[in-house]
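Here's the structure we're looking at; comments come further down.
All of the numbers you see were taken from the coordinates with simple rules; none came from a lab. None of the values given here were measured: they were computed from a predicted structure.
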Amino acid sequence: MNSAARRIGRTLALVLPVVLVLSGTLAVTAVPWASTATGSQMLTASSGKAATKTVTRAPEEALRKRLLVELQEKDPGVALTHLQEATTKRPSLAKHCVSIARDLGRAAVTKYGAAHRAQAFSRPVCDTSFATGVAAAQ
């Protein structure tokens with residue numbers, strides 16, 4: 001009886017790690033990297049590299065870029081209004097509001113060439129960070 005228990009224990013000790021490794025490998029052979037809309041893109045464990053390389057920008061960086069372009073095309077007042085609307089609509093962007101408004105202030109000074117002209121667009125968006133950016137750009 002004792003030798004049968006040992007034989008079963010040895011068999012499990014050899015077989016169990018192999019089963020765990022194989023089941024783990026099979027679990028990750030088809031990992032969906034793409035969104036659910038494009039279910040055709042899959043990365044298999046044997047492929048070695050992904051088929052496509054996508055660069056995603058953080059939402060706050062996309063907002064910053066869009067607002068800086070808008071400031072150049074229109075005026076800082078429009079960009080500040082859209083910043084306030086974006087932070088109201090997506091509260092997760094509120095922690096980036098100060099830095100975005102400061103960058104808008106610096107860009108306004110660059111656009112208008114004088115701090116007093118850029119300061120005319122100042123609004124109490126994000127604790128007057130726009131004005132701080134204008135002052136820092138002088």
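Quick one: what are the phi-derived ³J(HN,Hα) couplings along the stretch 59-75, Karplus 6.51/-1.76/1.60 with θ = phi - 60°, whole Hz, x for glycine and proline?
So the Karplus estimates, Gly and Pro as x, are x, 5, 6, 5, 5, 4, 5, 5, 6, 5, 5, 5, 4, 5, 7, 10, 8 Hz.
Please turn the phi angles of the stretch 96-103 into ³J(HN,Hα) values with the Karplus equation 6.51 cos²θ - 1.76 cosθ + 1.60 (θ = phi - 60°), one per residue in order, whole Hz, x for glycine and proline.
9, 4, 4, 5, 5, 5, 5, 5
At 0.36 nm per residue, minus the direct Cα-Cα distance, what do Thr11 and Val69 gain on full extension? Give it in nm, one decimal, please.
Details: separation 58, 0.36 × 58 = 20.88 nm, distance 6.75 nm.
Contour length minus Cα-Cα distance gives 14.1 nm.
What is the set of long-range amide H partners of Val125 at a cut-off below 5 Å, with H atoms built 1.01 Å from backbone N?
Phe130
When you take every Cα atom in the stretch 58-99, what is the radius of gyration, and what is Dmax, the widest Cα pair distance, in Å?
In order Rg, Dmax, the Cα atoms of the stretch 58-99 give 9.6, 27 Å.
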